[in-house]
Amino acid sequence: MNPEVFAIPCAQAKARVRVVEMVNETITQETPVEVESHHGRLIADPAGDLVKAAVFNKSDPAAAPGLGFAKGLGLRSGALAMSILWDTNNILVVGTSDQEMAAAMNELIRVHGGVVVAQGGKAVAKAPLPICGIISPEPLPQIVREIKEVETVFHRLGSTLARPFLALQTFSFTGLPFLRLTDQGLVDVRKMSRVPLFV
């Protein structure tokens, strides 16, 4: 996958956007943030706890992803891709740059799903779930070790989430308040309607 897939065009130097902020492991809120544009594209600001996020429809590879931004992850570098989301089991990618996000996504595709953490353009931890992207044929102790390793590395890259595996599984779940990023874009759960990225 090409990093261009994650590009969010913006002709201005800055733009005010709706950001999905993690309040805790299962609840989010809408937080408007001024995001900088470089070379006509909005970029993440990991120093300001702002990362880019994308959600892909796993059943329609040709569909464009829902793109947006997230706060509250604490990620300072790298990216994570996972294919085990409540309740759609679509694919979520969060990261500090389009290049890192593409690296995580490409490795996720290569191992046929699961969870992958990438840094410096390569995978540094993974928990493959090759059966429909949600199940592993390996023994339970091995699966637990792999998921714990993914979380350990994610914390090493700066994440402040107590249980990142749970928090990211629920990132797109529209059964919980308040703002969610889905493969269709941002959804205001209270209104049960899509809202634009730009404020």
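The values are calculated or read from the model by the stated rules, or taken from the named source; none is laboratory data. All of these numbers come straight from a predicted model, not from anything done at the bench. Every residue, glycine among them, receives a Cβ derived from its backbone with ideal geometry; neighbour counts consider all protein chains shown. What goes into the accessible areas is simple: the full protein's heavy atoms, side chains included, and nothing from ligands, DNA or RNA. Shrake-Rupley method; radii C 1.70, N 1.55, O 1.52, S 1.80 Å.
Structural remarks
- Scanning region 59-87 for residues that are buried (at least 19 other Cβ atoms within 10 Å of the Cβ) and in a loop (DSSP other than H, G, I, E, B) gives Pro65, Gly72, Leu73, Leu75, Gly78, Ser83, Ile84, Leu85.
- Within region 105-134, tally of residues that are of a type in the set (A, V, I, L, M, F, W, C) and more than 25 Å from Leu73 (Cα to Cα): 2
- Restricted to region 88-116, and to residues there that are of a type in the set (A, V, I, L, M) and farther than 22 Å from Ala7 by Cβ, the residue that is surrounded by the most Cβ atoms within 10 Å (Cβ to Cβ) is Val115.
- Qualifying residue in region 88-108 (condition: hydroxyl-bearing (Ser, Thr, Tyr), more than 24 Å from Ile147 (Cβ to Cβ), out of contact with any Asp or Glu (no Cβ under 7 Å at 6 or more places or on another chain) and not in a helix (DSSP H, G or I)): yes
- Condition check for His112 on (1) in a strand (DSSP E or B); (2) in contact with a Ser or Thr (Cβ under 9 Å, 6 or more places away or on another chain); (3) of a type outside the set (Val, Ile, Thr): one failure, at (1).
- Restricting attention to region 4-58, the residues that are open to solvent by less than 40 Å² (accessible area, probe 1.4 Å) and part of a strand (DSSP E or B) total 18.
- Residues (surrounded by fewer than 16 Cβ atoms within 10 Å (Cβ to Cβ), touching a strand residue (DSSP E or B) at 6+ places or on another chain (Cβ under 9 Å) and aliphatic (A, V, I, L, M)) located in region 145-184: Leu176
Listed here are the residues, each with its yes/no results for (1) small (Gly, Ala, Ser); (2) over 14 Å from the mean Cα position of the chain (by Cα).
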site: Gln12; (1), (2): no, yes
site: Glu34; (1), (2): no, yes
site: Leu50; (1), (2): no, no
site: Ser77; (1), (2): yes, no
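- When Val116, Val124, Val55, Val111 are checked against the criterion of being out of contact with any Gly (no Cβ under 9 Å at 6 or more places or on another chain) and under 20 Å from Ala167 (Cβ atoms), a single residue qualifies: Val116.
- Pairs, first touching a residue at least 40 places away in the same chain (Cβ under 8 Å) in region 119-130, second open to solvent by less than 60 Å² (accessible area, probe 1.4 Å) and assigned to a strand (DSSP E or B), C-beta under 6 Å, six or more apart: Val124/Val117; Leu129/Gly114
- Scanning region 115-140 for residues that are part of a loop (DSSP other than H, G, I, E, B) and over 14 Å from Leu80 (Cα atoms) returns Leu129, Pro130, Cys132, Gly133, Ile134, Ser136, Pro137, Glu138, Pro139.
- Of the strands (runs of 3 or more DSSP E) that lie entirely inside region 143-199, those containing 1 or more residues that are without any contact (Cβ under 8 Å) to a residue 24 or more places away in the chain and closer than 25 Å to Lys14 by Cα span 185-188, 193-195.
- Test: residue in region 157-169 that is more than 18 Å from Gly74 (Cβ to Cβ) and over 16 Å from the mean Cα position of the chain (by Cα): no
- Residues in region 53-93 that are of a type in the set (S, T, N, Q) and touching a residue at least 40 places away in the same chain (Cβ under 8 Å) were compared, and the one that is farthest from Met105 (Cα to Cα) is Thr88.
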